[in-house]
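Worksheet: the structure to be examined is printed underneath.
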Amino acid sequence: MQTINLRESETVEFKREWTDRALEDLAAFANTRGGSLYIGVEDDGRIVGTNVDDSEIRRLTNLITSRLGITPSIRVETGYE
């Protein structure tokens, strides 16, 4: 299994899957120096992946925008099988 070449920090957070806890992390990033949230990654950096399609990206964008008042930049990375 592949790992990501980053570590969790004040500006990097890993989540195995999307949960409302991710909104709290994004709010913290928005209120400080910014940051990046990686979905489909274990706390130790192992890439486990997640199912994502255009409708899920729209759903997350709308959720983040409506709850936090920010417009996220979402990028889907593939090829980690």
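When the Cα positions of VAL48, VAL76, THR3 are compared along the charge dipole of the chain, VAL76 comes out farthest toward the positive end, with charges on each C-beta of Lys, Arg, Asp and Glu.
Between ASP44 and ARG16, full extension at 0.36 nm per residue minus the direct alpha carbon distance yields a gain of 9.0 nm.
Once fully extended, how much extra length lies between SER36 and LEU6, figured as 0.36 nm per residue of separation less the alpha-carbon to alpha-carbon distance?
Full-extension gain reported as 9.7 nm.
Residues THR65, THR32, sorted by accessible area with the largest first, give THR32, THR65 [1.4 Å probe; ligands and nucleic acids excluded]. Rounded to the nearest whole Hz, the Karplus-based 3J(HN,Hα) values (6.51 cos²θ - 1.76 cosθ + 1.60, θ = phi - 60°) of segment 42-57 follow the sequence 6, 4, 8, x, 5, 7, 10, x, 7, 7, 9, 9, 4, 5, 5, 4, with x at glycine and proline. Fully extending the segment from ALA28 to ARG75 would add 14.9 nm, taking 0.36 nm per residue of separation and subtracting the current Cα-Cα distance. Shown here are the Rg and Dmax of the Cα trace of the chain, at 12.5, 36 Å.
Of the listed residues ILE74, ILE57, the order by accessible area with a 1.4 Å probe, largest first, is ILE74, ILE57.
The values are calculated or read from the model by the stated rules, or taken from the named source; none is laboratory data. Note that the structure is predicted; figures quoted are calculated from it, not measured. Glycine also receives a Cβ, built like all others from the backbone with ideal geometry; neighbour counts cover every protein chain displayed. Note: accessible area is taken over every heavy atom of the protein model, side chains too, but ligands, DNA and RNA are not part of it. Shrake-Rupley method; radii C 1.70, N 1.55, O 1.52, S 1.80 Å.
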